[in-house]
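The values are calculated or read from the model by the stated rules, or taken from the named source; none is laboratory data. None of these values were measured; they are calculated from a predicted model. FYI the Cβ positions are ideal-geometry reconstructions off the backbone, even for glycines, and counts take in every protein chain you see. For accessibility, only protein heavy atoms count, side chains too; no ligands or nucleic acids. Shrake-Rupley method; radii C 1.70, N 1.55, O 1.52, S 1.80 Å.
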Amino acid sequence: MTAIKWKRTEKSITSLATTVGSLVPRYVIILLCTLAYYVGRAIFDTFSIPDGLIRPAENPFHGFSGMKRTLNYSIVLSIHVLKSFSLDPIGSSHEYGYDCIPEISGNDWRLCIPAGLLLLLLVIIVQCLRKGVESTVMLIVALSWMATLFPVSGLVKVGTFVADRIVVASSVVLAVFGARFLVHFILGNQTSTSPQNSKSRSRPLTVGIRSSLVAAGIVFMGYRVMHRSGEWMTSPDLLESSLKACPRSAKSNLEISKIYSGLYPEKLDMELAKTYIEKAEEIDPEYCDIHWQWAQLLFKQQRYLEFEGRLTKAVTCPFTTGGAYPLFEQYWGMVTQDPNHGAAAVKRRAEYVTIIQAAVAEAKDDEERNLKK
């Protein structure tokens, strides 16, 4: 807003001061709206998502604090900055969960990435200040777009870990300033009528070569977009691409196990589904959604005693109890009526009910402790 209005003037420090002064009422409105938003969140205690709601499978860094949180989120923020400029250090995935990006420990070489980006930023700031007011204002405009990456900075606890959608706003920097660079790259100072710039004007052959290079780059970027859009068209393709980027993502391994266990009849492969769910459990044993998928696999394989144990664990998982509990009631309602094995089934059911009751009591105790904090 400030830059657009100032660009219509003679672009001096005096005109910049005048422009800022004329926009003070708008600044005040924006600041008041922002303040009202954050005061409201503070009053309703909604600054951060509760720790128990976000699990490592979705955001492995959510519960970190202090320097550990700072270092790990410096990597997350750096990844988003690079993605904003079409540089993807980890690949495209619809889920970046547990063990996709291992946490920072000790003198990790990956800390060179945020350090390098910070150094680059400092160099750019110095250069813009040296060039004058216009370059400095344009830098502020670019940084204002990059500030939209605030949710993944780690300053507040949010559910988002790494997500391509977060960089939509910050990629405006590449779109706007990248386009300006490409025009200058192709034409040089060809649009200038100043005699001193005549030597820097590009020749027709040079313009043609450079235009061809830019066109090739645009075609390549278009192919990337088309290919990625195609992967989003079906769940199997999307999950397979996610596992290429994050082979140790517990959630992606779980989801693709569902694909091969019958969600898509033409892809039914029980052994492959078992392989993926075993890997998901090996990566993150605390990811309780796994038990619900195990229960369904075991039931289809008629391994009923193992199924009962997994179904019970699925009932105690708050994220799968909605589907698991009705099946628990239906299953035991049938097997306890069996004239030959009903008595043994009643005993097993009683044992599992005791386990469920203990888990519910423990969950209530945890909730009460959290409320007291």
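Please identify the pairs in which a residue from segment 350-363 that is over 15 Å from Trp332 (Cβ atoms) has its Cβ atom under 7 Å from the Cβ atom of a residue that is surrounded by 13 or more Cβ atoms within 10 Å (Cβ to Cβ), counting only partners at least 6 apart or on another chain.
As it stands, the answer is Ala359/Thr316, since those pairs meet every condition given.
Which condition number in (1) farther than 20 Å from Asp99 by Cβ; (2) aromatic (Phe, Trp, Tyr); (3) within 25 Å of the chain's Cα centre (by Cα) is the one that Phe307 fails?
Checking Phe307 against (1) farther than 20 Å from Asp99 by Cβ; (2) aromatic (Phe, Trp, Tyr); (3) within 25 Å of the chain's Cα centre (by Cα), the one that fails is (3).
Here's the yes/no breakdown for (1) buried (at least 18 other Cβ atoms within 10 Å of the Cβ); (2) at pLDDT 90 or above:
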residue: His94; (1), (2): yes, no
residue: Ile101; (1), (2): yes, no
residue: Ile104; (1), (2): yes, no
residue: Asn107; (1), (2): no, no
residue: Leu121; (1), (2): no, yes
residue: Ile124; (1), (2): no, yes
residue: Val133; (1), (2): no, no
residue: Ser144; (1), (2): no, yes
residue: Leu149; (1), (2): yes, yes
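Going through segment 36-78 one residue at a time, which ones are open to solvent by 60 Å² or more (accessible area, probe 1.4 Å), modelled with pLDDT under 80, within 19 Å of Tyr98 (Cβ to Cβ) and of a type outside the set (Asp, Glu)?
Scanning segment 36-78 gives Pro50, Gly52, Leu53.
Across segment 328-349, what is the number of residues that are open to solvent by 50 Å² or more (accessible area, probe 1.4 Å), closer than 16 Å to Ala295 by Cβ and free of Cβ contacts under 8 Å to residues at least 24 places away in the same chain?
4
Quick test for you: out of Glu266, Glu278, pick the one residue that is at pLDDT 95 or above, among the acidic types (Asp, Glu) and surrounded by fewer than 18 Cβ atoms within 10 Å (Cβ to Cβ). Steps first, answer last, please.
Working: Glu266 fails: at pLDDT 95 or above.
Going through Glu266, Glu278 in turn, just one is at pLDDT 95 or above, among the acidic types (Asp, Glu) and surrounded by fewer than 18 Cβ atoms within 10 Å (Cβ to Cβ): Glu278.
Of all residues in segment 121-166, how many are outside any loop (DSSP other than H, G, I, E, B) and under 27 Å from Cys246 (Cβ atoms)?
9
Right, Lys313: at negative phi, modelled with pLDDT of 95 or more and among the charged types (D, E, K, R) or not? Walk me through how you get there before you give the answer.
Details: at negative phi: yes; modelled with pLDDT of 95 or more: yes; among the charged types (D, E, K, R): yes.
It is true that Lys313 is at negative phi, modelled with pLDDT of 95 or more and among the charged types (D, E, K, R).
Let's see how each residue does on (1) without any contact (Cβ under 8 Å) to a residue 60 or more places away in the chain; (2) charged (D, E, K, R); (3) not in a loop (DSSP other than H, G, I, E, B):
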| position | (1), (2), (3) |
| --- | --- |
| Ala215 | yes, no, yes |
| Val219 | yes, no, yes |
| Gly222 | yes, no, yes |
| Val225 | yes, no, yes |
| Gly230 | yes, no, yes |
| Met233 | yes, no, no |
| Asp237 | yes, yes, yes |
| Asn253 | yes, no, yes |
